Amino acid sequence: MMPSYDRSIALYEETRRHLAGGVSSNVRYASVPVPLFFARGEGARLYDEDGNVHIDYILGNGPAILGHAPPAVCAAVAETLSLGQVFAGQHVRELELSRRLTALLPGADLVRYASSGTEAVQMALRLVRAFTGRTKVIKFEGHYHGWVDSVYVSVRPSGNEAGPAEAPVAVSDTPGAAPGAIADMVICGWNDLDHLRRAFETHPGDIAGVIMEPMMVNGGVILPKPGYLEGAKALCAQHGAVLIFDEVITGFRLGLTGAQGRFGVVPDLTIFAKAVAAGFPMALVAGRRDIMEIMQTQGVMHGGTYNGNVQSMAAAIATLDILTADRGALYPAMEARGTRLMHGLGALAAKHGVKLHVTGVPTMFQTMFIASVPANWRESSLLDRDRAMAFSAALQAQGVRVNQRCAWFLSAAHDDAAIDETLAAADRAFTMLV
Ligand SMILES: Cc1ncc(COP(=O)(O)O)c(C=O)c1O
């Protein structure tokens with residue numbers, strides 16, 4: 001029997017009368033038949049207002065690395081509620097978290113907190129411009145660094161407006177962006193060192209920094225080619241530019257030290273968010289002392305009322321307690337279950353005669369309906385979107401929630417039983433596709 005979404009539909013209609021567009025983030029439109037209303041989440045599962053149960057692989061778009069409502073994190077936060085929330089002053093949890101993060105993360109001489117990934121990216125960009133005295137920043141097609149004007153550029157460029165692959169044009173992805181905001185963004189194809197080298201040569205002495213998702217996620221889950229990250233780091237060093245890894249989504253997900261630990265390349269600055277506080281709003285920039293300290297020594301402005309608030313700090317400390325326990329033993333266990341899921345989905349696609357590539361790593365992957373594994377945005381944009389949406393809808397009908405691009409996030413709460421249930425549901429979903 002197909003699930004009913006009648007109550008979500010009615011609630012959404014009513015919400016639209018009061019809340020612009022009925023959602024608080026445009027990303028939430030990507031849901032059928034309407035943005036669903038959830039009553040609660042627990043572990044790997046979400047429970048919607050119609051009484052449907054979803055094994056959730058969206059996980060709030062990444063943060064819920066420990067599953068929904070992880071008891072130890074909730075308890076740690078609850079303990080702090082009566083202490084207060086924002087002091088416009090310092091508190092010891094901020095010190096404790098900073099001490100732990102600088103000890104844990106390679107290259108993190110200093111950290112500074114923000115409340116969202118978008119804001120932390122802006123902090124990093126301001127830092128690299130102030131540090132180098134240059135203005136231009138290299139950004140890659142398909143990479144997402146938040147929704148503000150200066151970086152919401154060439155995230156999903158299409159057709160002629162994006163120009164030729166070897167000389168892409170900066171394309172703002174939203175109406176209403178200030179036209180000048182993207183003037184200093186130099187757009188490049190990712191995973192191609194020659195292209196990056198040319199970008200540096202075209203703007204000699206002008207590039208302040210290079211920002212990238214070290215494993216592309218938002219424009220298709222794609223691994224860096226062997227040697228690419230090392231090569232990018234070397235080019236930055238050669239041209240006096242700062243390398244920024246945006247690990248908002250890969251941080252604490254691809255391992256305790258994120259993509260940089262997994263691939264063995266430490267950038268100058270890193271942005272972390274999402275999984276670091278298991279769902280509470282928290283982000284940070286971590287990096288080299290000489291760059292980070294110019295916030296104080298040169299007065300490079302960074303502010304934010306909610307930065308370092310008591311509950312987010314408590315959530316991050318409790319999350320780190322769990323993630324670092326037994327030297328990060330949780331990660332190999334997650335990887336093993338994720339590997340089983342990736343292989344299982346691949347095998348089911350073959351069984352049903354469906355052409356599918358499973359790309360990424362076990363804690364973050366994508367089931368791509370595409371002819372060959374892509375290396376960058378231009379190639380991943382060739383995926384069959386209609387088929388991806390149909391598969392996502394079929395999975396939802398079978399009680400499994402993935403986004404409409406069929407990207408899958410895994411949490412520590414997805415146990416073997418959840419994986420088995422998911423594979424059985426996917427088996428049925430594939431029959432709905434053909
Ligand atoms: C790589 C990356 N950077 C930045 C952001 C923006 O973070 P936030 O949504 O917390 O502002 C996101 C959000 O998905 C992201 O995936």
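Matching residues to (1) basic (K, R); (2) under 23 Å from A278 (Cα atoms):
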position	(1), (2)
R112	yes, yes
V121	no, yes
R126	yes, no
G133	no, no
G142	no, no
S154	no, no
S158	no, no
V169	no, no
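Take the conditions more than 21 Å from G304 (Cα to Cα), assigned by TED's automatic domain parsing to the domain that holds A283, surrounded by 17 or more Cβ atoms within 10 Å (Cβ to Cβ) and not polar (S, T, N, Q) and apply them to E166. Does it pass?
Working: more than 21 Å from G304 (Cα to Cα): yes; assigned by TED's automatic domain parsing to the domain that holds A283: yes; surrounded by 17 or more Cβ atoms within 10 Å (Cβ to Cβ): no; not polar (S, T, N, Q): yes.
No; evaluated as a whole, the condition is false for this residue.
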query: Do we find a residue being of a type in the set (K, R), closer than 18 Å to A120 by Cβ and at pLDDT 95 or above anywhere in region 264-283?
result: yes
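Every residue, every condition in (1) over 27 Å from A315 (Cα atoms); (2) crowded, with 24+ Cβ neighbours inside 10 Å; (3) at pLDDT 95 or above, yes or no:
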residue	(1), (2), (3)
A183	yes, no, no
E230	yes, no, yes
C236	yes, no, yes
V248	no, yes, yes
task: Only residues that are open to solvent by 30 Å² or more (accessible area, probe 1.4 Å) and either in contact (Cβ under 8 Å) with a residue 40 or more places away in the chain or within 30 Å of N403 (Cα to Cα) (or both): list them for region 219-228, please.
output: L223, K225, P226
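F272: open to solvent by 20 Å² or more (accessible area, probe 1.4 Å) and within 16 Å of the ligand (Cβ to nearest atom), yes or no?
Values: open to solvent by 20 Å² or more (accessible area, probe 1.4 Å): no; within 16 Å of the ligand (Cβ to nearest atom): yes.
Taking the combined requirement at face value, the residue does not satisfy it.
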message: So if I check each of V361, V300, V310, which one is in contact with a Gly (Cβ under 9 Å, 6 or more places away or on another chain) and either aromatic (F, W, Y) or assigned by TED's automatic domain parsing to the domain that holds S154 (or both)?
response: V310
task: Working only within region 107-134, note down all residues that are more than 16 Å from the ligand (Cβ to nearest atom), modelled with pLDDT of 95 or more and assigned to a loop (DSSP other than H, G, I, E, B).
output: A108, D109, G133, R134
field: Condition met for R112 (surrounded by 14 or more Cβ atoms within 10 Å (Cβ to Cβ), under 23 Å from R405 (Cβ atoms) and of a type outside the set (A, V, I, L, M))
entry: no
- request: Give region 275-303 a look and list any residue that's away from the ligand (no atom under 15 Å from the Cβ), of a type in the set (V, I, T) and open to solvent by less than 10 Å² (accessible area, probe 1.4 Å), or say none.
  value: I291, I294
query: Taking into account only those residues within region 414-434 that are over 19 Å from I58 (Cα atoms) and in contact with a helix residue (DSSP H, G or I) (Cβ under 9 Å, 6 or more places away or on another chain), which is surrounded by the most Cβ atoms within 10 Å (Cβ to Cβ)?
result: F430
field: Residue selected from region 349-363 under the condition in contact with a strand residue (DSSP E or B) (Cβ under 6 Å, 6 or more places away or on another chain) and of a type outside the set (S, T, N, Q), by the criterion modelled with the lowest pLDDT
entry: L356
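Evaluate region 357-364: report whether one residue or more is open to solvent by 30 Å² or more (accessible area, probe 1.4 Å) and in contact (Cβ under 8 Å) with a residue 24 or more places away in the chain. Steps first, answer last, please.
Filtering region 357-364 down to residues open to solvent by 30 Å² or more (accessible area, probe 1.4 Å) leaves 357-358.
Narrowing further to those that are in contact (Cβ under 8 Å) with a residue 24 or more places away in the chain: none.
The answer is no; no qualifying residue exists.
Among the helices (runs of 4 or more DSSP H) contained in region 339-434, which hold 3 or more residues that are over 21 Å from the mean Cα position of the chain (by Cα)? Give the steps one after another, and end with the answer.
Values: elements: 377-380, 385-397, 416-433.
Helices (runs of 4 or more DSSP H) meeting the threshold: 385-397, 416-433.
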message: Testing S312 on (1) assigned to a helix (DSSP H, G or I); (2) open to solvent by 20 Å² or more (accessible area, probe 1.4 Å), one condition comes back false. Which one is that?
response: (2)
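The values are calculated or read from the model by the stated rules, or taken from the named source; none is laboratory data. The structure presented is a predicted model; accordingly, all values stated were derived computationally and were not measured. Neighbour counts are summed over all protein chains in view; Cβ atoms, including those assigned to glycine, are modelled from backbone coordinates with ideal geometry. The accessibility values were calculated without ligands, DNA or RNA, using every heavy atom of the protein model including side chains. Shrake-Rupley method; radii C 1.70, N 1.55, O 1.52, S 1.80 Å.
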